[in-house]
Amino acid sequence: MPGSIAMNSLLEILKPDCVKAPLASSDKKGAIFELCDVLAGTGRITDAQALKDAVWTREQTRTTGIGHGLAIPHGKCAGVANLAMAIGRPPTPVEFAAIDGKPVRLIILLASPPDRTSDHIQALARVSRLMMMEDVREKIYASTTGQEIYDLLSMHDQRV
């Protein structure tokens, strides 16, 4: 597929300055919007409001709280030239209407261009596989800084 990337590593779409721990927001919508602003502030997207609208609209149709304390809100919109990811650890667990009924301890936001469905799905699957590893997940939840989270992902990304 033209323009498609081979998803060999999450680090292709995640930069250290896009990982924030702790987030300032302690609620679902605030945390999602804060992560959209992180991507805009680092120049990874050009239209934060369009991404906020896309992600929040998607979130209203079905929760992205996938269980085990993890949520992966995501959206596709213009203003996103390339797949981009931001990660945030809320100061306290956030109610997310997760499928297991438990609050969320880590939020991974995925932003995609409208025409990159395959890459979007690949990235979601890679994040899910990595975060289903209990040892990795618990180390990330125990992290106190964005850099610690980034370093852990960097260290374990090739396992998936």
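The values are calculated or read from the model by the stated rules, or taken from the named source; none is laboratory data. What you are looking at is a predicted structure, and each value in this text was computed from that prediction instead of being measured. We place every Cβ from the backbone using ideal geometry, glycine too, and count neighbours over all the protein chains shown.
Values for this structure:
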| read-out | value |
| --- | --- |
| Selection from the stretch 135-160 of residues that are in contact (Cβ under 8 Å) with a residue 24 or more places away in the chain and among the acidic types (Asp, Glu) | Glu148, Asp157 |
| Count of the stretch 88-118 residues which are closer than 18 Å to Leu39 by Cα and assigned to a helix (DSSP H, G or I) | 0 |
| Residue selected from the stretch 25-43 under the condition in a loop (DSSP other than H, G, I, E, B) and either within 14 Å of the chain's Cα centre (by Cα) or touching a residue at least 12 places away in the same chain (Cβ under 8 Å) (or both), by the criterion nearest to Pro73 (Cα to Cα) | Asp27 |
| Residue in the stretch 72-89 that is surrounded by the most Cβ atoms within 10 Å (Cβ to Cβ), counting only those that are farther than 15 Å from Ile13 by Cα and at pLDDT below 95 | Cys77 |
